[in-house]
1. Determine the share of region B:103-236's accessible area contributed by carbon and sulfur atoms, expressed in whole percent, with a 1.4 angstrom probe.
2. Suppose a student asked you for the relative contact order of region A:13-99, using Cα pairs under 8 Å spaced at least 6 residues apart; what percent would you report?
3. Would you work out the Kirkwood radius for chain A? I mean one over the mean of 1/r across all pairs of different Cα atoms, in Å.
4. Once the other residues with Cβ under 13 Å from the Cβ of B:ILE88 are scored (Lys, Arg +1; Asp, Glu -1), what is the net sum?
5. Cross-link candidates for B:LYS93: which lysines have Cα within less than 24 Å, leaving aside residues fewer than 8 places away along the same chain?
6. Mind checking region A:1-103 for GluC sites (Glu not before Pro) that DSSP puts in a loop (not H, G, I, E or B) and that have at most 11 other Cβ atoms within 10 Å?
7. Apply the Kirkwood formula to region A:35-94: the hydrodynamic radius equals the inverse of the mean of 1/r over all pairs of different alpha-carbon atoms; give it in Å with one decimal.
8. Under the rule of -39500 (n - 2.57) per DSSP H run of 4 or more residues, summed and divided by the residues of chain A, what mean residue ellipticity at 222 nm is obtained, to the nearest 500 deg cm²/dmol?
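The values are calculated or read from the model by the stated rules, or taken from the named source; none is laboratory data. These figures come from a predicted structure and were not determined experimentally. Neighbour counts are summed over all protein chains in view; Cβ atoms, including those assigned to glycine, are modelled from backbone coordinates with ideal geometry. With ligands, DNA and RNA removed, areas are computed over all heavy atoms of the protein, side chains included. Shrake-Rupley method; radii C 1.70, N 1.55, O 1.52, S 1.80 Å.
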2 protein chains.
Amino acid sequence: MPRTQSGGQPTIVSIAERAEVSIASVSRVLNGLGARRDTVERVERAAAELGYVPNAVARSLKDGRTRQLTFAMPDIGNPVYVAMVRAIQSVTKAAGYRLLLHSTDAVVDDELAVLRSLGDRTSDGLVICPIRITDEHVEALRTAAGPVVVIGSLPDDVPVDSVRADSVAGAALAVRHLHETGRRRIAFVNGPPDTVPGRNRDEGFRTAMAECGLVYDDALVVHTDFGIDSGAEAAERLLADDASRPDAVFCANDQLALGVARALHSRGLRIPEDVAVAGMDDSLLAQAGWPPLTSVDLGSTERGRHAAELLLERLRTPDGTHPLAPRTSTAPPRLVVRASTAPTAVNS
Amino acid sequence: MPRTQSGGQPTIVSIAERAEVSIASVSRVLNGLGARRDTVERVERAAAELGYVPNAVARSLKDGRTRQLTFAMPDIGNPVYVAMVRAIQSVTKAAGYRLLLHSTDAVVDDELAVLRSLGDRTSDGLVICPIRITDEHVEALRTAAGPVVVIGSLPDDVPVDSVRADSVAGAALAVRHLHETGRRRIAFVNGPPDTVPGRNRDEGFRTAMAECGLVYDDALVVHTDFGIDSGAEAAERLLADDASRPDAVFCANDQLALGVARALHSRGLRIPEDVAVAGMDDSLLAQAGWPPLTSVDLGSTERGRHAAELLLERLRTPDGTHPLAPRTSTAPPRLVVRASTAPTAVNS
DNA sequence: CGGGTTTCTGTAAACGTTTCCGGCAGCTGG
DNA sequence: CCAGCTGCCGGAAACGTTTACAGAAACCCG
């Protein structure tokens with residue numbers, strides 16, 4: 001029975017005893033530093049025989065880094081965040097970091113708690129995707145105990161890296177596309193207006209409508225929660241009055257769009273012949289339904305990847321030198337046209 | 001400028017100096033153990049002024065637990081695993097554990113690495129969802145350095161908690177449903193046959209077909225990868241010959257089913273009038289398409305939740321006493337009927 | 001063979017906690 | 001007034017590593 005600590009796991013001490021050398025030598029051999037041939041062999045044999053695995057916690061304590069990163073987002077149920085997790089995971093994995101996932105359930109206090117918990121040294125850095133940016137967020141970001149990258153739009157004077165989507169331009173892309181394919185009564189199903197994405201999409205919609213010479217008609221704009229069922233309900237409201245029926249519905253995300261599509265189908269309306277539907281995010285859902293959904297890709301994958309890269313870069317540069325200036329980048333939106341907005345004979 | 005360690009973060013030592021007490025007292029106060037009123041106040045004030053946050057790494061080293069759990073699954077892109085992550089996350093969060101996410105990309109060596117890495121004490125326990133169970137898996141599970149719960153089917157003699165889906169029964173539910181609603185030529189689009197789910201679904205399909213007095217026709221069975229595009233391709237193959245066209249397609253997951261649906265739509269075939277389609281997993285995708293998809297819920301959420309609970313329970317019971325016997329549970333499948341398999345006038 | 005250089009090794013400190021233990025002060029009761 | 005408590009406190013050890021430092025061994029060369 002090998003001599004081990006109470007925990008049961010072999011430690012560097014068990015190896016030292018078995019190989020009859022000091023713990024310093026064990027550590028050196030295990031880390032590939034110089035040692036006599038004989039010592040190397042004895043240590044390696046002992047380590048193998050005991051099935052030694054270095055204790056990552058002890059190592060972290062010693063050198064002040066955990067090789068863990070945290071990603072905090074509102075809800076893993078939303079495909080957009082899944083895309084981000086996926087991208088971030090693949091970057092961090094390649095760099096030898098583990099990924100800690102934190103679901104904030106879109107609760108502001110939870111987001112703040114995550115920011116403050118950077119101080120507990122549980123992870124070396126944080127990518128956070130807040131649903132809202134309050135003054136408290138700004139304050140917490142300023143005083144963060146470690147490097148942070150925000151996915152979302154920050155006030156300019158907050159000295160933190162950020163990666164944003166251009167949903168204003170994205171919404172405009174969709175509206176112009178609908179206009180160009182002959183649609184004139186364009187409805188808009190948006191998410192909650194008090195979130196950053198919600199506000200931006202609204203802004204994009206308004207400006208693009210104006211650009212196209214179309215009037216912003218309150219009766220054709222619905223605010224609701226993100227989610228398929230919400231989309232269906234919103235569509236019901238828009239379709240209540242047959243006379244003023246829209247010939248296109250632009251939705252603030254794909255889930256809403258699928259909800260709208262469902263409502264249209266169950267009323268016997270055809271997509272795109274009677275009503276065109278466009279979504280946003282170009283998530284895997286866009287290709288799931290029928291007809292396949294035109295959607296504006298806001299670059300979730302790209303943003304996730306880039307956020308992770310910024311964070312890693314910041315971790316690589318020693319804090320002592322002139323600190324890296326905060327960087328902000330914007331992922332360009334991309335319109336992905338599919339069948340749900342095909343022009344109809346009569347329209348085009 | 002408060003006196004702090006080189007790292008910059010205040011520690012228990014900084015507080016002790018500022019409050020003019022020993023570090024032992026600081027620790028006691030911070031952990032709510034007894035102390036004189038005066039001491040408590042001084043320590044708490046000093047801690048607040050310095051913005052002290054306890055170092056989780058040091059604490060972990062001391063008491064041998066990290067308050068982190070790991071979940072390893074093949075691919076976060078698959079909605080089934082998203083459901084699991086979500087369920088696990090919510091359980092672990094409630095219990096005060098952080099969640100470490102590990103994507104194995106369905107490569108066996110990666111799964112094994114995760115199992116072995118339990119020894120580095122980075123997390124207190126592991127929920128793993130392997131795509132295959134090899135002898136090496138079994139060996140790694142036997143010698144795991146910490147508690148593990150497997151989501152999937154294990155050989156009976158492996159002493160590890162597991163939570164399994166009953167995809168045999170699940171497939172049978174779907175087939176019987178299709179048969180009862182008048183379908184007779186039932187095709188089957190399955191995933192890779194060398195995975196556990198693939199094999200089980202095949203078995204379920206075969207037995208149910210036999211039960212219903214239908215013949216298993218090789219020409220109506222396609223094996224492919226899981227994924228929407230694979231489903232579409234599979235459907236193309238099944239539909240190539242008009243004469244032998246199936247009147248129902250059962251798919252091993254929702255993505256395949258959506259792919260099949262797409263192929264059917266683009267050939268102008270109607271669902272469910274011409275061909276019924278059923279999927280599996282009842283993921284969020286099932287409600288995304290049109291018509292909404294009949295699907296067999298294999299309880300991903302349930303399994304994730306239960307796996308997490310088993311793990312937590314095992315963590316709570318001290319290892320010294322009689323060890324908990326390994327437990328195995330099976331989530332019952334549930335058929336969710338939607339429009340995609342509605343009986344047609346001529347059939348029913 | 002001895003002095004200097006090089007290589008290797010062991011001792012000990014450090015990372016930031018928690019906790020055991022001995023001791024001191026204050027109190028109570030005889 | 002003292003023995004015995006009780007309640008707090010500080011010193012020190014421990015968790016498992018890495019690493020600075022100093023000493024020992026080996027080697028080279030004159």
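1. Working: 2530 of 5210 Å².
Here it works out to 48 percent.
2. Working: 52 pairs, mean separation 17.3, N = 87.
Relative contact order here is 20 percent.
3. Details: mean 1/r = 0.0434 Å⁻¹.
Every distinct Cα pair counted, the radius reaches 23.1 Å.
4. Details: positive: B:ARG86, B:LYS93, B:ARG98, B:ARG303, B:ARG305; negative: B:GLU302, B:GLU309.
Here the charged neighbours net out to +3.
5. Answer for B:LYS93, where 24 Å is the Cα cut-off: A:LYS93, B:LYS62, listed by chain and number.
6. Numbers: sites: A:GLU17, A:GLU20, A:GLU41, A:GLU44, A:GLU49; in loops: A:GLU20.
Loop-located and lightly packed - A:GLU20.
7. Numbers: mean 1/r = 0.0654 Å⁻¹.
One decimal place: 15.3 Å for the Kirkwood radius.
8. Values: 12 runs with 143 residues, N = 348.
Computed mean residue ellipticity for chain A: -12500 deg cm²/dmol.
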